[in-house]
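Written below as structure tokens is the structure these notes are about.
Bear in mind that the values in this text are calculations on the coordinates, not laboratory data. Because the structure is predicted, anything quoted here is derived from the model rather than measured. Neighbour counts are summed over all protein chains in view; Cβ atoms, including those assigned to glycine, are modelled from backbone coordinates with ideal geometry.
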């Protein structure tokens, strides 16, 4: 089975152009599955074996989301095997998977984020301060992913037209607008980089002028967000959640937000259409003729 897994990983890498992160996750999930089956011949795998694997995963107290992701990797693997005539059927078809709990994406309100950005625009003068400000500002203002930010190059930023280009999942390119203030911050940052001999093709670098990794961006964001919010989750993705939620709450068209986020389908964007009770009260008072009695 492991030989089939390696050929499938090559297929994802060279033909489907999956991201490195996704490829690593798929490979690990499939190797774990192969080990569970003691590396049995792939043609002997049946639906009952996958049901047993789901039961095994459930006993490990894994979340339903994690189990569904692992089975998704296995299902995709078998689709490939059927396509290549290695297997005749996909044993994952018709499986009943654990139900997902409906969760609302956590986000940060605009006011503390704007206050942080405005105060740091005044104080940011050294390299790390202005770079960290740029990181928070780009993530909050564009909603791009951490991996997309890590790969952002100066050639991808159009200061004249106030827009940047990112290469998302499956090498899908999209253009995202940004504000005049971010342009000003980027110009200041560019000058600081030149003054400190830290210029690189990549926008975000460390003190040695080397590109920041996704992990380094994660810890910088976590540290900066601790100055902004008391929320437990202080990961970069919460700024993507904040971008999408605030855009939709302020009347942005959901299809436009979908394009800005780089989602392949509308369902992924619809999770951000929640509203808090204060927003519902505001809409009610504006729209209902008897709202004055509330």
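For segment 110-278, averaging the sequence separation of C-alpha pairs within contact (under 8 Å, six or more residues apart) and dividing by the residue count gives a relative contact order of 26 percent. Given the options 85, 185, 233, which has the most mean-square fluctuation in a GNM of the chain, springs set between C-alpha atoms less than 10 angstrom apart? Most flexible of the set in this elastic network: 85.
Of the peptides 74-84, 53-63, 238-248, the order by per-residue mean of other Cβ atoms within 10 Å, starting with the highest, comes out as 238-248, 74-84, 53-63.
For segment 110-278, what class follows from the C-alpha gyration tensor (a ≥ b ≥ c being the square roots of its eigenvalues): rounded when a/c is under 1.5, otherwise prolate if a/b is larger than b/c, else oblate? Cα axes put segment 110-278 in the prolate bin. Angle of helix 64-83 to the longest C-alpha principal axis of the chain, folded into 0 to 90 degrees and rounded to 10: 60°. Quarter the surface of the alpha carbon convex hull of the chain and you get the mean projected area, 20.1 square nanometres. When the chain is treated as a Gaussian network with alpha carbon springs shorter than 10 Å, the biggest mean-square fluctuation among 43, 273, 142 belongs to 43.
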